[in-house]
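To start, the structure itself, in structure tokens.
The values are calculated or read from the model by the stated rules, or taken from the named source; none is laboratory data. It should be emphasised that the depicted structure is a prediction, and the values quoted were computed from it without experimental measurement. Cβ placement follows ideal geometry from the backbone for every residue including glycine, while neighbour counts extend to all protein chains displayed. The area values use the complete protein model at the heavy-atom level, side chains included, leaving out ligands, DNA and RNA. Shrake-Rupley method; radii C 1.70, N 1.55, O 1.52, S 1.80 Å.
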Amino acid sequence: MARIVRVARSSSLFGFGNRFYSTSAEASHASSSPSPLFHGGGASRVAAKDRNVQWVFLGCPGVGKGTYASRLSTLLGVPHIATGDLVREELASSGPLSQKLSEIVNQGKLVSDEIIVDLLSKRLEAGEAKGESGFILDGFPRTMRQAEILGDVTDIDLVVNLKLPEEVLVEKCLGRRTCNQCGKGFNIAHINLKGENGRPAISMDPLLPPPQCMSKLITRADDTEEVVKARLRIYSETSQPLEEYYRSKGKLMEFDLPGGIPESWPRLLEALRLDDYEEKQSAVA
Ligand code: ADP
């Protein structure tokens, strides 16, 4: 089995019931006060070998964090938690926050750390109640403050930083579509970027929907050219410092996507040393 996959079940994610699980090596972290923004008041730290993976996916809007995080979550049996999805669920709920959130999101700005941590805490609590363990976070943390809050309450094993050239990111965001019935994501963009100045060529075929979804495709309100460019700018100002933060902790794995899913997925599994794991899972299935 691949080195980084730990599938032993643990009893808690963030220890909302005031429980602490720590090895002696981790005790110094665990004794720091957990952030008051997280509900509950406790923080759990289970040794990595005794629990499921706790990974973070970083990367610009449109890079494909959701696609690869979701595939890995299925492969490893851990929840894929995308804070963008939590925000969109809140928007769709027409709850008290929905009007405020829609103004922020539709300008490409970031939701406040307080709101996003609150949404994430609720999601993790609900998952814990269902017996979920481990996670792949997508879109969180996005600010240094969020990274510090996360570091106060749990240990992150690995941070995967997905990369694509900016021209491709804009085209991919503009090509994104979701089926409003089955919820699956597609992309109608044909990417064909020539190689130049030492940069390899990149080509990606569109990921087209099956005929039954074709008439039900919707585009995210924040996937317009103007808002995508604002999101890319905000990402480089606010989220890029996170790369250095996790690099300095020795947790960052950089991954330049070589193309679309058919080329990138096997290479990502190889980089994560999960290629043999996928073969074993398929053999059992
Ligand atoms: P993207 O394609 O930009 O990666 P997401 O689906 O991750 O989009 O997020 C959509 C929007 O939700 C963001 O533009 C932002 O307004 C809000 N959002 C999501 N995650 C966070 C976060 N961690 N902190 C602040 N705002 C967030």
Scanning for something assigned to a loop (DSSP other than H, G, I, E, B) and either under 23 Å from residue 126 (Cβ atoms) or within 10 Å of the ligand (Cβ to nearest atom) (or both), does segment 71-78 turn up at least one residue?
yes
Could you tell me how many of the residues in segment 59-85 are crowded, with 23+ Cβ neighbours inside 10 Å and basic (Lys, Arg)?
1
Quick check on segment 158-166. Is at least one of its residues farther than 30 Å from residue 203 by Cβ and either more than 9 Å from the ligand (Cβ to nearest atom) or in contact with a helix residue (DSSP H, G or I) (Cβ under 8 Å, 6 or more places away or on another chain) (or both)?
no
Pairing a residue in segment 124-136 that is closer than 14 Å to residue 154 by Cα and in contact (Cβ under 8 Å) with a residue 24 or more places away in the chain with any residue that is open to solvent by 10 Å² or more (accessible area, probe 1.4 Å) and hydroxyl-bearing (Ser, Thr, Tyr), where Cβ atoms lie under 8 Å and the two sit 6 or more apart in sequence or on different chains, gives 133/10; 133/11; 134/10; 136/73
Report the residue count in segment 79-100 for those that are among the polar types (S, T, N, Q) and within 11 Å of the ligand (Cβ to nearest atom).
1
Do we find that residue 215 is modelled with pLDDT of 95 or more and more than 30 Å from residue 148 (Cα to Cα) in this structure?
yes
Is there a residue in segment 93-100 that is assigned to a helix (DSSP H, G or I), surrounded by fewer than 22 Cβ atoms within 10 Å (Cβ to Cβ) and hydrophobic (A, V, I, L, M, F, W, C)?
no
What residue, among those in segment 133-172 that are part of a helix (DSSP H, G or I) and touching an Asp or Glu at 6+ places or on another chain (Cβ under 8 Å), is most open to solvent (accessible area, probe 1.4 Å)?
145
Out of the residues in segment 101-121 meeting the condition of being of a type outside the set (D, E, K, R), part of a helix (DSSP H, G or I) and near the ligand (Cβ under 9 Å from one of its atoms), tell me which one is surrounded by the fewest Cβ atoms within 10 Å (Cβ to Cβ).
104
Odd one out for residue 127, checked against (1) away from the ligand (no atom under 14 Å from the Cβ); (2) within 17 Å of the chain's Cα centre (by Cα); (3) closer than 23 Å to residue 229 by Cβ:
(3)
